[in-house]
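Chemist: This is the structure I want to talk about, given as structure tokens.
The numbers here are math on the coordinates, done by the rules we state, and not lab data. Just so it is clear, the model here is predicted, and its values are computed rather than measured. Cβ sites come from the backbone with ideal geometry, for glycine too, and all protein chains shown count toward neighbours.
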Amino acid sequence: MIAFRVDGNDKICSGHVMRCLAIAKALNDKKQQCVFIIADSIMKKVIEKNGFDVICLDTQWDNMEDEISVLIPKLEKIKPKLIIVDSYYVTQKYMNDIKKTVKLAYIDDINAFEYRCDLLINYSIYGNEMKYTGVEKEKRLIGCKYVPLRSEFQDVGKRKIKDEVKDILISTGGADIYGIGPRLVDSLIETANRNNIVIHIVSGSLNSQREMLRRQSKKYNNLIVHENVTEMCKLMCKCDMAISASGSTLYELCATGMPTISYFFADNQIYNSMAFEKNNIIPTAGDWRENAEQVIYNIINFTEGMINNRHKRIALSEKMQTIVDGKGAQRLADYIVRYIE
């Protein structure tokens, strides 16, 4: 058995849970039983719907040291060979205490302190720039080849860039606590109308802007709101370019080769956004929290620039698919199985 300790809610969104589900499914394919351990019941149904058992601790997701006395008895009962922890709220004490009971893998992208784990996973584009010291080099799984995407993103094939942009995808992350989606729709609708473009926007179960987006879809006949999408890869392959928050979605977009403009609204997204821009793969429009109007202005300019430059879209698409092939979850599962056996 392999345990996953992860949370998702309207504050931290669902990306942590989604990437753990991708790894768990790849482990399932290798005959490994997986169980999810969560602080509260918010993501319980989502996880169970994907076929995995859930243990709910009834603790605070953002105060993980307080859960140790609850978690360790659970681990002693189910006796997993490995626990994979995916949270920014771990501490050195948390890691040290858990390691006394079970081998520990940690999914990271910020290098907050010296991690004392048995395996370290950092699939970010900037992962190789981080100076890790607490984990042996051969037990660090670093770089984009380990991006844990769902199986639908495997073997997508090289994207064919159309002569004209006719469908634009907007992704705002799971909760959209800043109300970014509706503002981007209102700001881009003139460009869309002028170029005969349909705007597609993704709205998940945690999205705080669902009702506003529904009202906008009645107002604008070239806006489609996609709620609780189950075939994200198919939607990405349908669209011609994207505007996305700088979370894990960027790696899905890379796998599909869709030219993308990023922006960010959380500290943990900054490195991602800047690294993609530095490598001339995905331009960033900036930090929404600091100056939303400037971000919108940049997005409109970038969008119109991409619409009018097919050669640029081709170049970006090719770079994107070079760094992410959609098989990262399988590589992680292969390594983990060898490690625990």
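Chemist: Just in region 194-302: which GluC sites (Glu not before Pro) are loop by DSSP and have at most 13 other Cβ atoms within 10 Å?
Modeler: Taking region 194-302 and a limit of 13 other Cβ atoms within 10 Å, the loop GluC sites (Glu not before Pro) found are 231, 290.
Chemist: Go from 0 up to the bin containing the longest alpha carbon distance in region 138-277, width 10 Å each, and give me the % of pairs per bin.
Modeler: Pair shares across the bins are 11, 41, 36, 10, 2, 0.
Chemist: Shifting gears a bit: In whole Hz, what ³J(HN,Hα) sequence does region 35-50 give by Karplus (6.51, -1.76, 1.60; θ = phi - 60°), x for Gly and Pro?
Modeler: 9, 9, 10, 10, 6, 9, 8, 4, 9, 4, 5, 4, 5, 5, 4, 8
Chemist: Sticking with this structure for a sec: Quick one: helix 15-28 against the long Cα principal axis of the chain, what's the angle to the nearest 10°, folded into 0 to 90?
Modeler: With rounding to tens, the tilt is 60 degrees.
Chemist: State log₁₀ I(q)/I(0) for region 204-264 at q = 0.20, 0.22, 0.27 Å⁻¹ as given by the Debye formula over alpha-carbon point scatterers of equal weight, solvent excluded.
Modeler: Normalising to I(0) and taking log10 leaves -0.93, -1.08, -1.25.
Chemist: With springs only between Cα atoms under 10 Å, which of 165, 85, 70 fluctuates most in a Gaussian network model of the chain?
Modeler: In this elastic network of the chain, the residue with the biggest mean-square fluctuation among 165, 85, 70 is 70.
Chemist: Region 312-341 to region 224-297: how many Å between their Cα centroids?
Modeler: After rounding, the separation between the Cα centres reads 18 Å.
Chemist: Rounded, prolate or oblate: which fits region 3-132, taking a ≥ b ≥ c as square roots of the Cα gyration tensor eigenvalues, rounded meaning a/c under 1.5, else prolate when a/b beats b/c?
Modeler: rounded
Chemist: Given the peptides 182-188, 3-9, 28-34, arrange them by the average over their residues of other C-beta atoms within 10 Å, most packed first.
Modeler: Going by the mean number of other Cβ atoms within 10 Å, highest first, we get 3-9, 182-188, 28-34.
Chemist: If R0 is 45 Å, what FRET efficiency do you get for residue 78 and residue 280 from their C-beta distance, rounded to 0.05?
Modeler: 0.45
Chemist: Then there is this: Go through 26, 85, 180 and say which Cα lies farthest out towards the positive end of the charge dipole of the chain; charges sit on Cβ, +1 for Lys and Arg, -1 for Asp and Glu.
Modeler: 26
Chemist: Run the simple label-point estimate for residue 45 and residue 311 please: 7 Å along Cα→C-beta, distance reported in nm.
Modeler: A separation of 5.2 nm, rounded to one decimal place.
Chemist: Residue 60 to residue 230: extension gain in nm, 0.36 nm per residue of separation minus the Cα-Cα distance?
Modeler: Difference between extended and current length: 58.3 nm.
Chemist: Between 221, 283, 273, whose Cα lies farthest towards the positive end of the dipole of region 180-317 when Lys and Arg beta carbons carry +1 and Asp and Glu beta carbons carry -1, centred on the Cα centre?
Modeler: With unit charges placed on the Cβ atoms, the residue in question is 221.
Chemist: Then there's this: Given H placed on each backbone N at 1.01 Å, which residues far from residue 85 in sequence or on other chains put an amide H within less than 5 Å of it?
Modeler: When sequence neighbours closer than 5 places are left aside, the close amide H contacts are 5, 105, 106, 107.
Chemist: Using alpha-carbon positions, what is the distance between the centroids of region 145-212 and region 22-69, in Å?
Modeler: If we compute the Cα centre of each part, the gap is 28 Å.
Chemist: Figure the gain on full extension for residue 137 and residue 154 (residue separation times 0.36 nm, minus the Cα-Cα span) and round it to one decimal in nm.
Modeler: Taking residue 137 through residue 154 to full extension adds about 3.4 nm, to one decimal.
Chemist: Could you calculate the contour length gain from residue 1 to residue 238, that is, 0.36 nm times the residue separation minus the distance between their Cα atoms, to one decimal place in nm?
Modeler: 81.5 nm
Chemist: Using only alpha carbon pairs under 8 Å that are at least six residues apart, calculate the relative contact order of region 262-341 and give it in whole percent.
Modeler: 22
Chemist: Size of the dipole of region 139-239 about the Cα centre, Lys and Arg at +1 and Asp and Glu at -1 on the beta carbon, nothing else charged, in debye to 20?
Modeler: Here the size comes out at about 300 debye.
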